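The values are calculated or read from the model by the stated rules, or taken from the named source; none is laboratory data. What you see is a predicted model, and the numbers here were worked out from it, not measured in a lab. Here the Cβ is made from the backbone with ideal geometry for all residues, glycine too, and neighbour counts use every protein chain on show. Protein only, heavy atoms only, side chains kept; ligands, DNA and RNA dropped before computing areas. Shrake-Rupley method; radii C 1.70, N 1.55, O 1.52, S 1.80 Å.
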Amino acid sequence: PPDETWIVGEALSCLLVGLQRWHRGEKLSAARFVQGHALDRLLELEALRHPTAAVGADPFSRERRLETRHPALAAELPTLVPGYTHTPQAALAMLDALAHRGAMLAPTITERIRALAAA
């Protein structure tokens, strides 16, 4: 299974690619990268850090029963998945969620993501 460094790096890559697509007018692809693929990496990070919460998890779908297994993360979902027209805000929420969990975030990449989200 992937380690934390890979998971966080992939999440940041998804945010960066998604926001670049957003600025090219590829809104659906952007939403999928930011609110889908990056969120999948956050779910992976939670599973890696809290393996005991895997009890009752669906091995084929991490999001199944997430609200029961990870209620704190579930409470963040409205900001992490705000919908098609709010991808830049979702990217910032994802950065905050990763930082809140103490993930090692590369400063140059996070600065670029924040700049793209603000533009």
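Tell me, what % of the accessible area of the chain is carbon and sulfur with a 1.4 angstrom probe? Each step should come with its number before you reach the end.
Values: 3950 of 6590 Å².
The nonpolar share, carbon plus sulfur, comes to 60 percent.
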Neighbourhood net charge (13 Å Cβ-Cβ; Lys/Arg +1, Asp/Glu -1) for GLU46
0
For the chain, what is the accessible area per residue in Å² when the probe is 1.4 Å?
55 Å²
About the Cα centre, charge dipole magnitude for the chain (Lys/Arg +1, Asp/Glu -1 at Cβ), debye:
280 debye
Could you put SER29, SER13 in order of accessible surface area, largest first, with the 1.4 Å probe and the full protein assembly present?
SER13, SER29
Listed residues MET94, MET104 arranged by accessible area, highest first, probe 1.4 Å
MET104, MET94
If you plug each phi of region 107-113 into the Karplus form 6.51 cos²θ - 1.76 cosθ + 1.60 with θ = phi - 60°, what whole-Hz ³J(HN,Hα) values come out, in order, with x for Gly and Pro?
x, 5, 6, 5, 5, 5, 4
Nearest 10 degrees, 0 to 90: what angle lies between the long axis of helix 71-80 and the longest principal axis of the chain (Cα atoms)?
20 degrees
Run lengths n ≥ 4 of DSSP H only: what is the helix-derived mean residue ellipticity at 222 nm for the chain, with -39500 (n - 2.57) per run over all residues, to the nearest 500?
-20000 deg cm²/dmol
Please work out whether the chain counts as rounded, prolate or oblate from its C-alpha gyration tensor, where a ≥ b ≥ c are the square roots of the eigenvalues and a/c under 1.5 means rounded, while otherwise a/b larger than b/c means prolate and anything else oblate?
prolate
